[in-house]
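Some notes on the structure that comes next.
Every read-out reported here was derived from the displayed coordinates using simple, explicitly stated rules and does not represent laboratory data. As the structure is a computational prediction, the values presented were derived from the model and not from experiment. Don't worry about glycine lacking a Cβ; one is built from the backbone with ideal geometry, like all the others, and counts go over all protein chains shown.
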Amino acid sequence: MRPLSTKIAAIAPSATIEITDQARKMQAAGIDVISLSIGEPDFQTPAHITEACINALRRGETHYAPGKGIPELISAIAEKIAQENGIPCSPDQVVVGCGAKNSIYETCEAVLSTGDEAIILDPSWVSYEPCIQIAGGIPVHHPLDPGNFQVNDTLLEKITKKTRMIIVNSPSNPSGAILSRESLQLVADICQDHDIIALSDEIYEKLVYGKRHYSLASFPGMEDRTITINGFSKAYAMTGWRLGYAVSSKEIINYINRVQQHTISHPTTFSMYGGIAALKGPQQCIEDMRAEFERRRSFVLRRMDELGLSYAPADGAFYAYVQVNGNDKEVASRWLKEAHVAVTHGSAFNHPGWIRISYAASMERLKEALDRISSVL
Ligand SMILES: Cc1ncc(COP(=O)(O)O)c(C=O)c1O
């Protein structure tokens, strides 16, 4: 048989999914592995959201829906984006996808032509590079300032005639850093000076600790050249619902929708009813989960201080991103084999020498995990 797609052959499998699978296998073999490698809240989806979905199912909302998403959900998203993010937004500037990941992939397909370059700021979430590659683009990695995980003007050195897109992710997975107003202004200036489109992944916007989150599209001149990506997975503990969205100019949204029409059609209809309940219902659940993450964050960072490990500014998301001595893959593998704690090595984020510890686990498990790690350090 002739070889399968060379494009896909060049794409590495997701390191985070591989590590989690390895931890699951050990668990299935009876080993008490504590998984701190996973990027999902350990809370249940709030009950009123689940109820809304069950009611939708009972009403028979089990058929095709409009391609960009059901109108009530689209209006709720447009309202949220305008009010909370300061981005003028009408309903025809929104397309709802199957999770932020799907919206990011569709954006890459819609924006990039074959051979276009897309800049990724490292350390970076594992799926940006593959999404760009599958869309036929060329990923160009650029390291954030190692001292503070911010953007500085060395970014200009990566701009070429082929640069079409820059991806920013704040709060960041894996580092937890939040891009400052100055960093985002620098990105905005570069995008406007060089006619570049920005993808701003704001999936962790609700999980911030003492810092302010800014939306790139709210910067003057950026509204029409930014695709804001967000979703329900992290803020509302809805990872399995597969619900996310893209917001941008009507022209870009229509292109994204063209990809969507011929691939997923639209997200699952009854899942979208959960999305409406999430946005329109009480928002206290977000603060309750954020406050619990903040409590765990303080505990984990205190333990890191005691262990003498330095870490990136953990201002957002639910990760402690820690610098380690030696090869990060070997360190992560040793922690898994000897301490039975699964974490993610920084090389997975194009950033060797670091380890990502997710604190989306109960305090009890976090305490146990950190005791085990300190015993093998
Ligand atoms: C930075 C970042 N963007 C996007 C996603 C995808 O989120 P969703 O579950 O909405 O597809 C994740 C999930 O881990 C993430 O960490």
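For the range 17-53, filtering for residues that are of a type in the set (Asp, Glu) and within 16 Å of the ligand (Cβ to nearest atom) leaves 4. In the range 336-358, what residues are closer than 21 Å to Lys25 by Cα, in contact (Cβ under 8 Å) with a residue 12 or more places away in the chain and not β-branched (Val, Ile, Thr)? Of everything in the range 336-358, those that are closer than 21 Å to Lys25 by Cα, in contact (Cβ under 8 Å) with a residue 12 or more places away in the chain and not β-branched (Val, Ile, Thr) turn out to be Leu336, Glu338, Ala339, His340, Ala342, His345, Ala348, Arg356, Ser358. Candidates in the range 155-205 are the residues that are over 13 Å from the mean Cα position of the chain (by Cα) and of a type in the set (Gly, Ala, Ser); of these, the one that is farthest from the ligand (Cβ to nearest atom) is Ala188. For beta carbons closer than 7 Å, sequence separation of 6+ or different chains, a first residue in the range 149-172 that is under 17 Å from Leu216 (Cα atoms) and a second that is surrounded by fewer than 16 Cβ atoms within 10 Å (Cβ to Cβ) and among the charged types (D, E, K, R), the qualifying pairs are Asn152/Asp145. Looking across the range 45-81, the residues that are of a type in the set (Gly, Ala, Ser) and touching a Pro at 6+ places or on another chain (Cβ under 6 Å) come down to Ser75, Ala78. Identify, please: which residue in the range 130-154 is in contact with a Leu (Cβ under 7 Å, 6 or more places away or on another chain) and closer than 26 Å to Arg212 by Cβ and is, among those, farthest from the ligand (Cβ to nearest atom)? Filtering first and then ranking leaves Asp153. Residues of the range 31-44 that are closer than 18 Å to Ser358 by Cβ and part of a loop (DSSP other than H, G, I, E, B): Asp32, Val33, Leu36, Ser37, Ile38, Gly39, Glu40, Pro41, Asp42, Phe43, Gln44. May I ask you to verify whether Lys206 is surrounded by fewer than 23 Cβ atoms within 10 Å (Cβ to Cβ), free of Cβ contacts under 8 Å to residues at least 12 places away in the same chain and of a type outside the set (Phe, Trp, Tyr)? No; evaluated as a whole, the condition is false for this residue. Summed over the range 86-129, the residues that are among the polar types (S, T, N, Q), assigned to a helix (DSSP H, G or I) and more than 15 Å from the ligand (Cβ to nearest atom) give a count of 1. Counting the residues of the range 4-30 that are surrounded by fewer than 12 Cβ atoms within 10 Å (Cβ to Cβ) and in a loop (DSSP other than H, G, I, E, B) gives 7.
Within the range 340-377, the residues that satisfy the criterion of being within 24 Å of the chain's Cα centre (by Cα) and assigned to a loop (DSSP other than H, G, I, E, B) are Val343, Asn350, His351, Pro352, Gly353, Tyr359, Ala360, Ala361, Ser362. Candidates Glu106, Glu117: the one that is among the charged types (D, E, K, R) and buried (at least 24 other Cβ atoms within 10 Å of the Cβ) is Glu106.
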